[in-house]
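Notes to accompany the following structure.
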Amino acid sequence: MFKCGGKIPVLEGERIRLRRMEQADAADLFRYWSDPVVVKYMNVPVFTSVEETSEMIDFLNGLSETEDTMRWGIELVQEQRLIGSCGFNTWELSGAYRGEIGYDIGRAYWRQGYMTEAFRLMLNYGFMTMGLNRIEALVDPRNSASRSILQSFTFHEEGLLREYQRTEEGFVDLLIYSLLRRDYDSGGKYL
């Protein structure tokens with residue numbers, strides 16, 4: 001059975017690398033996590049300082065040690081700096097074999113294929129290394145960019161979770177999407 005144990009592996013893509021977030025990345029991540037447009041659907045407040053970003057990096061890395069989450073920084077290989085993050089917000093192997101993903105990327109890097117590349121690496125790791133059978137994503141119905149990338153990877157929209165999450169604007173509905181391993185395997189193009 002898969003155990004993270006705080007070891008966040010490096011996953012190599014063509015233009016990006018998924019790797020553990022470090023304190024040296026705080027300024028880069030602050031640039032994105034302080035952008036209200038980027039964090040709009042993340043259910044976190046807009047970050048107000050690099051120090052706050054450093055604390056979040058420590059918090060997320062700590063959660064990987066307790067098997068609660070695994071979050072990668074998305075590094076642009078050519079520039080050797082982070083442009084966003086992605087990972088498994090939760091996962092459950094015993095009996096369920098499912099995980100929930102989350103992701104964000106700086107506005108300057110939208111619609112350039114970087115998140116598509118990150119998705120390929122993340123999904124392959126989830127299904128092939130972690131042994132997941134089902135990968136889920138919870139998405140605000142207004143987040144058309146997130147819905148679009150999920151649909152491009154053949155995630156199925158399963159339904160609307162009414163007033164599922166409390167945010168600064170009150171309770172909001174979320175859509176639940178899923179991708180099963182059998183559908184992923186048969187797609188071929190993602191492996």
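The values are calculated or read from the model by the stated rules, or taken from the named source; none is laboratory data. Predicted model only: the values in this text are computed from it and were never measured. Glycine gets a Cβ as well: all are built from the backbone with ideal geometry, and neighbour counts include every protein chain shown.
Please determine, by comparing only the residues of region 83-119 that are out of contact with any helix residue (DSSP H, G or I) (no Cβ under 9 Å at 6 or more places or on another chain) and of a type in the set (D, E, K, R), which one is nearest to L132 (Cα to Cα).
Residue satisfying both the conditions and the ranking: R98.
Test of understanding: among E168, E163, which residue is of a type outside the set (S, T, N, Q) and touching a residue at least 60 places away in the same chain (Cβ under 8 Å)?
None of the other options fit; the residue is E168.
With respect to Y103, determine if the residue is within 16 Å of K3 (Cβ to Cβ) and not polar (S, T, N, Q).
For Y103, the condition - within 16 Å of K3 (Cβ to Cβ) and not polar (S, T, N, Q) - is not met.
Hey, could you check region 42-65 for residues that are in contact with a helix residue (DSSP H, G or I) (Cβ under 7 Å, 6 or more places away or on another chain) and touching a residue at least 24 places away in the same chain (Cβ under 8 Å) and say which is nearest to A118 (Cα to Cα)?
I57
Whether any residue in region 125-143 is exposed (fewer than 15 other Cβ atoms within 10 Å of the Cβ) and either touching a Ser or Thr at 6+ places or on another chain (Cβ under 9 Å) or part of a strand (DSSP E or B) (or both) is what I want to check.
For region 125-143, residues exposed (fewer than 15 other Cβ atoms within 10 Å of the Cβ) and either touching a Ser or Thr at 6+ places or on another chain (Cβ under 9 Å) or part of a strand (DSSP E or B) (or both): absent.
What pairs can you find where one residue is in region 17-30 and within 12 Å of L60 (Cβ to Cβ), the other is part of a strand (DSSP E or B) and basic (K, R), and their Cβ atoms are less than 9 Å apart, with a gap of 6+ or different chains?
R20/R71; M21/R71; D25/R81
Find the residue count for region 157-170, including only residues that are at pLDDT 95 or above and either surrounded by fewer than 13 Cβ atoms within 10 Å (Cβ to Cβ) or within 18 Å of N43 (Cα to Cα) (or both).
Result for region 157-170: 7.
Working only within region 38-68, note down all residues that are among the small types (G, A, S) and more than 15 Å from the chain's Cα centre (by Cα).
Taking region 38-68 and keeping what is among the small types (G, A, S), we get 49, 54, 62, 64.
Matches in region 38-68: S49, S54, G62.
Looking only at residues that are in a loop (DSSP other than H, G, I, E, B) and out of contact with any strand residue (DSSP E or B) (no Cβ under 6 Å at 6 or more places or on another chain) in region 144-191, which one is nearest to W110 (Cα to Cα)?
So, considering only residues that are in a loop (DSSP other than H, G, I, E, B) and out of contact with any strand residue (DSSP E or B) (no Cβ under 6 Å at 6 or more places or on another chain), the one nearest to W110 (Cα to Cα) is F153.
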